[in-house]
Amino acid sequence: MAARDLQERIKKLIIDRRLASGAPLPTEPELMEYLGASRNSVREALKALQAMGIVEIRHGFGTYVGPMSLAPMIEGLAFRTVAGHYRGEDSLLQLLELREAVETGLVSRLAGRIPRADLVELDALVDRMEEQAARGAGLAETDRAFHATLYRGLDNVLLSEVLEAFWDAFHRVRTDLGGEPQDPKVTCRQHREILDAVRSGDSMRAEEAIREHFGNIRARLSTPAPQSPHTRHNERV
């Protein structure tokens, strides 16, 4: 039986039995019998599924349903973007535009609908960003928390994971590729404008705020020459 077929049958088993993350899979001998496959074939199929995060092999304990995270997607997306950039392609710009399109579409749905508790938290995060910018500290983690909190009210776990994947991939690549950092005071102002726009309930203003937020770096990415991957900066958007 082809390796791909074995992987698909194991995935179907997980779905058919409604196994959640962390649930134990049948033992290796049981899988061999169920699949009608050799020990080596089953092991190879499980290793491939482990690389995708679908199963987790705990040596000495057995095999379990994996976390099913987007980590493999992030790794692949980051590598593809770096490789494309050094071939002279505009892959980093494409990744930024993808994230911008997603966030622009989402933010208009949030205008006027963000819970009060989240607005208070977002205010505190922008205050923290401004304080960090004033003392020259990095904004990365606070910036990330702002975006996660902004879209939390949509109550869509998969959407949150996809946005996190875009964030991780873009900023991992951005750090590797270098570039001129944006003025942190501008970054703070842009986040304050996004917050004020969604709080006011003005969806058009919120969309414009997101576009401006991405616009500065998008303009710079339109014409850069590939740089040394050893150059490091700490830009975040």
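Structural remarks
- In the set Arg80, Arg87, only one residue is loosely packed, with under 14 Cβ neighbours inside 10 Å and either at negative phi or at pLDDT 90 or above (or both); that residue is Arg87.
- Sub-8 Å Cβ pairs linking a first residue in the range 182-193 that is closer than 10 Å to His213 by Cβ to a second residue that is small (Gly, Ala, Ser) and at pLDDT 90 or above, at least 6 apart or interchain, are Thr187/Ala133; Gln190/Ala209; Glu193/Ala209, ordered by first then second residue.
- Residues being under 17 Å from Val65 (Cα atoms), open to solvent by 70 Å² or more (accessible area, probe 1.4 Å) and among the acidic types (Asp, Glu) - total across the range 23-38: 1
- Residue check, Leu122 touching a Phe, Trp or Tyr at 6+ places or on another chain (Cβ under 8 Å) and closer than 20 Å to Phe214 by Cβ: yes
- Scanning the range 129-177 for residues that are of a type in the set (Gly, Ala, Ser) and over 24 Å from Leu93 (Cα atoms) yields a count of 5.
- Test result for Ala145, part of a helix (DSSP H, G or I), open to solvent by less than 10 Å² (accessible area, probe 1.4 Å) and touching a helix residue (DSSP H, G or I) at 6+ places or on another chain (Cβ under 6 Å): no
So that you can scan it fast, the table gives a plain yes or no per residue for (1) exposed (fewer than 13 other Cβ atoms within 10 Å of the Cβ); (2) touching a helix residue (DSSP H, G or I) at 6+ places or on another chain (Cβ under 6 Å):
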site: Leu6; (1), (2): no, yes
site: Leu13; (1), (2): no, no
site: Ser21; (1), (2): no, no
site: Asn40; (1), (2): yes, no
site: Ala48; (1), (2): no, yes
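- Checking Val173, Val186, Val157 one by one, the residue that is at pLDDT 85 or above and of a type outside the set (Asp, Glu) is Val186 and no other.
- Residues located in the range 124-142, provided they are within 23 Å of the chain's Cα centre (by Cα), in a helix (DSSP H, G or I) and in contact (Cβ under 8 Å) with a residue 24 or more places away in the chain: Leu125, Val126, Met129, Ala140
- Out of Ala197, Ala225, Ala209, Ala219, sole residue that is outside any helix (DSSP H, G or I), out of contact with any Phe, Trp or Tyr (no Cβ under 8 Å at 6 or more places or on another chain) and either within 18 Å of Leu119 (Cβ to Cβ) or modelled with pLDDT under 90 (or both): Ala225
- Helices (runs of 4 or more DSSP H) wholly inside the range 1-105 containing at least 2 residues that are more than 30 Å from Ile217 (Cβ to Cβ) and either without any contact (Cβ under 8 Å) to a residue 40 or more places away in the chain or in contact with a strand residue (DSSP E or B) (Cβ under 8 Å, 6 or more places away or on another chain) (or both): 3-16, 28-35, 39-51
- Residue in the range 114-131 that is open to solvent by 40 Å² or more (accessible area, probe 1.4 Å) and under 20 Å from Asn216 (Cβ atoms) present: yes
The values are calculated or read from the model by the stated rules, or taken from the named source; none is laboratory data. Remember, it's a predicted structure, so these values are computed and weren't measured experimentally. We place every Cβ from the backbone using ideal geometry, glycine too, and count neighbours over all the protein chains shown. Just so you know, the surface numbers come from the protein's heavy atoms only, side chains and all, with ligands and any DNA or RNA stripped out. Shrake-Rupley method; radii C 1.70, N 1.55, O 1.52, S 1.80 Å.
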